[in-house]
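A short worksheet on the structure shown next.
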There are 2 protein chains.
Amino acid sequence: MATAKLISQKAKAHAPSLSQATTAEKNNVLQAMAQQLKADADVLLQANQLDIANAKKNGLSDHLIDRLLLTKARIDAMATAIDHLIELPDPIGAVKEEIKRPNGLVIKEMVVPFGVVGMIYEARPNVTVDACTLAVKTGNAVVLRGSASALHSNKAIVRTLKKAFKNSPIHPDVIQLLEDTSKEEAANMMQLKSTIDVLIPRGGANLIQTVLQEATIPVIETGVGNCHVYVASSADPDMAFDIVVNAKTQRPSVCNACETLLVEQSFAKAHLPALVERLSAKGVSLVGNKGACTLDPRIAQANEDDWSTEYLDLRLAIRVVADTNEAIAHINQYGTKHSEAIITESLAERDTFFATVDAACVYHNASTRFTDGFEFGFGAEIGISTQKLHARGPMGLKALTTSKYGIYGEGQVKE
Amino acid sequence: MATAKLISQKAKAHAPSLSQATTAEKNNVLQAMAQQLKADADVLLQANQLDIANAKKNGLSDHLIDRLLLTKARIDAMATAIDHLIELPDPIGAVKEEIKRPNGLVIKEMVVPFGVVGMIYEARPNVTVDACTLAVKTGNAVVLRGSASALHSNKAIVRTLKKAFKNSPIHPDVIQLLEDTSKEEAANMMQLKSTIDVLIPRGGANLIQTVLQEATIPVIETGVGNCHVYVASSADPDMAFDIVVNAKTQRPSVCNACETLLVEQSFAKAHLPALVERLSAKGVSLVGNKGACTLDPRIAQANEDDWSTEYLDLRLAIRVVADTNEAIAHINQYGTKHSEAIITESLAERDTFFATVDAACVYHNASTRFTDGFEFGFGAEIGISTQKLHARGPMGLKALTTSKYGIYGEGQVKE
């Protein structure tokens, strides 16, 4: 089986055919990808069934099996997403800034692709399609390392997508899938600094931590979300209830769902039982600090681990706090710098929260569930950055580009 | 002696007093720093003499001792640089983008400080002043780890700079110097992900590589420059000579100096001896490939290592190449993605070079020596990035900031 080193060398060798392609050439490949996915739907579904059968044999949870599953409708949705991607403006080639210097030098900061992007990700096969299509749009070659459990699906998808390069000047080897899904080969891939420019891990906390520890390639950390909603005393109760219920229950398995609710004392005294009623009706099980437990017997005692756990489930930790400062201190101690909300009618409290909470996205009077490239209007998303270098929050096409200074001279030398 | 962990915790604890300071409060501290440096000049010079005496005892080269040396004039220059920094616009608080969504959400991408910046650097004490003053201007606390050889100077400088916070709401502990200069404690510092947001190493190739290997904190890779000048056949010979001589000899010890000269065959045949004459007159010793050696006996045979060596000295490797494609392939194989120049009268060759050379800065008909924050008009510089995440090329104030999305709602929940 080809090593990560070998396939990344291939990706790098052919990357210029993509980085220098015109917008039309890139969109033509994307168009062909959308058509080919639909044309090959049966083949993809068959390959996916092999993964599903293995997953059942290996006792994977229904939840994970659902993430792995391809259906005709899901393949159609992938094709539709590509149609939308085609319509987005091409970020490459733009000049971000033009500087004219007194000595006559003209300096242009140009938007360029990274070169080769590495993706290490878990089960969902649609990430394979997202990564390949966003890479093509942004002029980047891509090296994919999906999980063993999705290997049949990923191989079939990549085979299908590569057909789309048939009549293109762009070489199909700009897409590379690592078929050796051993941990050793993944570790090797994380060290390929000379052929992979940036690494984007997508998956659970363990995957992300492993990549951060082992990679020497620059990494964009994504996705772990221990998100909080803080309800201040001045909050509108109906709005607060709706937002808390939405942030917790609308889709509990995703990174921008709420995991801990912070409630200012006087609001809690007046309204916590009614809120617990709403959450219980949605099947949410609750743990809390003493202040919370005393106000409602349906809240079990929380332990220290609860404050740092991303449940990804219908489970919520509740902490009654003395004031906004205690809420902010709690978030800055236990949060993962993802999405943090304050519900309040006080603009002063909002401003303090926005200024002092250290997170990619800070919300006022809205659900944390909006942290998403599509909800932000980016039209595409490759992940959600929870670190501070390069990109923060939802990452659209722009996050898959870097810059290069072009300096135009007429013989200038340094005095 | 305080550990890296302890001092970074202090920096983080007091960072909000700086990240939320007004522009006037930050500039007042900078003003006081400039004054205090001049007032304490004698104390600083005395402390520096201890380092210089040690350096001589330890047999450091004259070149390194000169980098370590403080003089009255150098201290005055530091103060003047601070005066200029005060005049630069404050990058913090700007809104980079404002998005209004159909559901009424308003999303503002705000410019914010990182929080705590870690610097690991080698001998020059002026880096201590640059790091502290640029950090204050950009609202970042800073944790410094300078080299053992500059410890007396760095301690004295930090003591002086901290006096500038006397009448300020900003806490002096936003500046922290690691006085334990052991390798073990530096390694500990590189792992302090919960208290340091970003790490900027500045120094030689070994230092940078160590940090890249050992750090779990996100790193901005800086500075190693194996830079090339490529002279195409259509180049104006006089311009080419001036640029090559300038790029190699104007200050050979810096990262943006030229280390390898690439010359297209027909230009080399016509002009290489005359160019060698100019370089030899400046004391440059030369090695080259066969094509170069046959054209001039003053060029010694190069070996494979020469192509990847950053000499930082009056030494130049010369390779005669068949054409522009061979020059570009050479640069992309041996370059360090720093600064690469083409000298040509052909705009088509320039465009190919700009599109395909993978470097932070690509030059047409100008010396590579201009890769510098001041030469780019940034008014300040914390280093030169040679990687592709976050910042590329010279890093001014903007490179010490990140962004944060503020989402303003009226009760929006996700459907």
Among B:Ala366, B:Ala355, which is the only one that is farther than 16 Å from B:Glu259 by Cβ, in contact (Cβ under 8 Å) with a residue 24 or more places away in the chain and facing chain A (nearest Cβ under 8 Å)? B:Ala366
Inter-residue pairs, beta-carbon under 9 Å, first over 9 Å from B:Ser153 (Cα atoms) and assigned to a helix (DSSP H, G or I) and in the stretch B:46-61, second of a type in the set (Val, Ile, Thr) and at pLDDT below 95, 6+ apart: B:Ile52/B:Ile65; B:Ala55/B:Ile65; B:Lys56/B:Ile65
Restricting attention to the stretch A:246-274, the residues that are modelled with pLDDT of 95 or more and buried (at least 20 other Cβ atoms within 10 Å of the Cβ) number exactly 15
Would you point out the residue of the stretch B:390-403, among those that are more than 19 Å from B:Ile120 (Cα to Cα) and surrounded by fewer than 22 Cβ atoms within 10 Å (Cβ to Cβ), that is nearest to the other protein chains (Cβ to nearest Cβ)? B:Ser403
For the stretch A:154-189, what are the residues that are in contact with a His (Cβ under 7 Å, 6 or more places away or on another chain) and of a type in the set (D, E, K, R)? A:Asp173
Name the single residue that is farthest from the other protein chains (Cβ to nearest Cβ) among those in the stretch B:369-389 being over 24 Å from B:Val219 (Cβ atoms) and not in a loop (DSSP other than H, G, I, E, B). B:Phe370
Sort out which residues of the stretch A:52-104 are over 24 Å from the mean Cα position of the chain (by Cα) and of a type in the set (Asp, Glu), and write them in order of number. A:Glu97, A:Glu98
In the stretch A:117-129, is there at least one residue being surrounded by 17 or more Cβ atoms within 10 Å (Cβ to Cβ), outside any helix (DSSP H, G or I) and within 14 Å of another protein chain (Cβ to nearest Cβ)? yes
Taking the stretch B:347-365, which residues are crowded, with 22+ Cβ neighbours inside 10 Å and assigned to a loop (DSSP other than H, G, I, E, B)? B:Val357, B:Ala359, B:Ala360
Close pairs from the stretch A:259-282: first closer than 20 Å to A:Val357 by Cβ, partner aromatic (Phe, Trp, Tyr) and assigned to a strand (DSSP E or B), Cβ under 7 Å, at least 6 apart: A:Leu262/A:Tyr230
Of the numbered conditions (1) buried (at least 21 other Cβ atoms within 10 Å of the Cβ); (2) in a strand (DSSP E or B); (3) out of contact with any Pro (no Cβ under 6 Å at 6 or more places or on another chain), B:Tyr408 fails exactly one; give the number of that condition. (1)
Out of B:His364, B:His330, B:His390, report the one residue that is farther than 20 Å from B:Val224 by Cα and out of contact with any Ser or Thr (no Cβ under 6 Å at 6 or more places or on another chain). B:His364
Scanning the stretch A:332-361 for residues that are in contact with a Cys (Cβ under 9 Å, 6 or more places away or on another chain) and of a type in the set (A, V, I, L, M) gives A:Ala341, A:Ala359
Residues in the stretch B:301-317: is at least one within 30 Å of A:Asp197 (Cβ to Cβ), in a strand (DSSP E or B) and more than 28 Å from the chain's Cα centre (by Cα)? no
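The values are calculated or read from the model by the stated rules, or taken from the named source; none is laboratory data. Note that the coordinates shown come from a computational prediction; the quantities given were computed from them, not determined experimentally. So basically every Cβ, Gly included, is an ideal-geometry build from the backbone, and we count neighbours across all protein chains shown.
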